[in-house]
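The values are calculated or read from the model by the stated rules, or taken from the named source; none is laboratory data. All figures in this text were calculated on a predicted structure; none of them were measured in a lab. We place every Cβ from the backbone using ideal geometry, glycine too, and count neighbours over all the protein chains shown.
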Amino acid sequence: MNEGQCVALFHSTSLALRGEKLCRAEGIPVKLIPVPRRLSSDCGVCLRFAGAFEERVRALFNERALEFEDIVCL
Amino acid sequence: MIYLDNAATSFPKPARVVDAMTEFAREIGANPGRSGHRLSVEAGRTIYDAREALASLFKIRDPLRVIFTANATVGLNQALLGLLSAGDRVVTSGMEHNSVMRPLRFLEASGIRVATVPCSSQGLLDPDELRRTLSERTAMVVVNHGSNVNGCIQPVRALGAAAREAGALFLVDAAQTAGCVEIDMAEDNIDLLAFTGHKALYGPQGTGGLVLGGRVPVERMRPIVFGGTGSRSEYETQPDFLPDRYESGTPNTVGIAGLLEGVRFILETGVTAIRRREDALADVLTEGLAEVNGLRIFSGSGGSRLPTVSFTGDTLPPDEIGLRLDEEFGVLCRVGLHCSPAAHNTLGSFPDGTVRLSAGLFTTEEEIRAAIDAVRVIVSEGGAR
């Protein structure tokens, strides 16, 4: 299991905000942060969460058809 | 002062709407979706919450299909100019506002065929009449849900069913009805819904939008404005995803903060309760005016009308009645053609227009009675003054 931090990258802030809502509704602690410089992304914010939630977040986004660009674990 | 011009814009707004805008301007104020700092995120969240509230109000699942525009007019233009192409046929009613008729007349010049279905003398579009017009292949049907002239409410569900049977997209102008008449986009067969924020949604002027139902071919709907979206900044081409595809440039975030609070107010109050109240006000207004001698009244039929009623006097022109209502009685209304020559033609009040009294949720029966008394005094004095 990944013990570090992961970020989900989105094409737009609207999608990132939707991701934040979906995660919070499932009790997954997340935080919107500016996209780390070394990661390429389309928009200014991404969603950070603990690596332990990586699979749950990925499954949740797929299940709810939330389009995301990538999930990168640091 | 008695404000009876709610069909132009609702006034007063709930105090919480003004408070929400003040709070946004004081505490948040940043540009949504442009930067990654906390205030920008908070501004983005305000807009996202507004999309969610509107999605809930119009009963659609995906809040990202709520596109914000400056007003209903821009939403209607986006739908019409974005979807119609040369050779297409579009069908509309005889009760439309110029926010629909002017873009349609513009499109006519570029090879789009416009057919208008006549309405009854009360302004109603008969679904069977519409169905007959749709025997010819039609790309879109566009209908004004609630008249800004006589307040009649169209049977959109049946009209939408007719459009759907014919394979046409159904665009509804909900400028007068969003927030005060129940709208369920799926149940009502509505594909595109243009709304304004500043009327029955109790937001400020400069807010509105277009809601896209599931059948709208987004890949075919051309944006009418292109520019910065805060997304895909490395590309010089417009993003293809929603809502960014149709939302270029910095939005009216402070206004949308107010709109969000207005929609929350509606969701808490309940559209059904609002409709019941406004229906009662429509009765008081219409029945009261009917008791005044020397008036010709233009209203929808009981149970399916907004509290928006027009009238003309036998002896005085509308502008003179309007001026005297304002100056002598403090009754604020709107006279003339209400940007709707087509509707006035249908109702038989073109080109002189009418005096329009439009109540809102916060209007009292006493105010309506006082306004009607003022009308009675003015028309009974006739041209004597």
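With the condition kept exactly as written, say whether any residue in segment A:25-38 is buried (at least 19 other Cβ atoms within 10 Å of the Cβ), away from every other protein chain (no Cβ under 14 Å) and at pLDDT 95 or above.
Looking through segment A:25-38, none of the residues is buried (at least 19 other Cβ atoms within 10 Å of the Cβ), away from every other protein chain (no Cβ under 14 Å) and at pLDDT 95 or above.
Taking residue B:325, is it over 16 Å from residue B:362 (Cβ atoms), touching a Phe, Trp or Tyr at 6+ places or on another chain (Cβ under 8 Å) and either touching a residue at least 12 places away in the same chain (Cβ under 8 Å) or part of a helix (DSSP H, G or I) (or both)?
no
Of all residues in segment B:224-272 being within 14 Å of another protein chain (Cβ to nearest Cβ) and β-branched (Val, Ile, Thr), which is nearest to the chain's Cα centre (by Cα)?
Result: B:256.
Across segment B:61-83, which residue is surrounded by the fewest Cβ atoms within 10 Å (Cβ to Cβ) among those that are touching a strand residue (DSSP E or B) at 6+ places or on another chain (Cβ under 7 Å) and within 14 Å of chain A (Cβ to nearest Cβ)?
That would be B:65.
Of all the residues that make up segment A:64-74, how many are away from chain B (no Cβ under 14 Å) and exposed (fewer than 14 other Cβ atoms within 10 Å of the Cβ)?
Count: 3.
Could you tell me whether residue A:18 is closer than 20 Å to residue B:46 by Cα and of a type in the set (D, E, K, R)?
Yes; evaluated as a whole, the condition is true for this residue.
Could you list all residues from segment B:76-119 that are within 18 Å of residue B:156 (Cβ to Cβ) and either more than 21 Å from the chain's Cα centre (by Cα) or of a type in the set (D, E, K, R) (or both)?
The answer is B:96, and nothing else.
Quick check on this structure: which one of B:270, B:300, B:249 is out of contact with any Phe, Trp or Tyr (no Cβ under 7 Å at 6 or more places or on another chain), among the small types (Gly, Ala, Ser) and on the phi < 0 side of the Ramachandran plot?
When all the criteria are applied, what remains is B:300.
Between a first residue in segment B:285-305 that is outside the structural domain of residue B:95 (by TED's automatic domain parsing) and a second residue that is modelled with pLDDT of 95 or more and of a type in the set (Phe, Trp, Tyr), which pairs have beta carbons less than 9 Å apart while being 6 or more apart in sequence or on different chains?
Matching pairs, first to second residue: B:289/B:311; B:292/B:311; B:295/B:311; B:296/B:311; B:297/B:311; B:298/B:311; B:299/B:311.
Does any residue of segment A:45-62 turn out to be of a type in the set (Asp, Glu), at negative phi and within 14 Å of chain B (Cβ to nearest Cβ)?
The answer is no; no qualifying residue exists.
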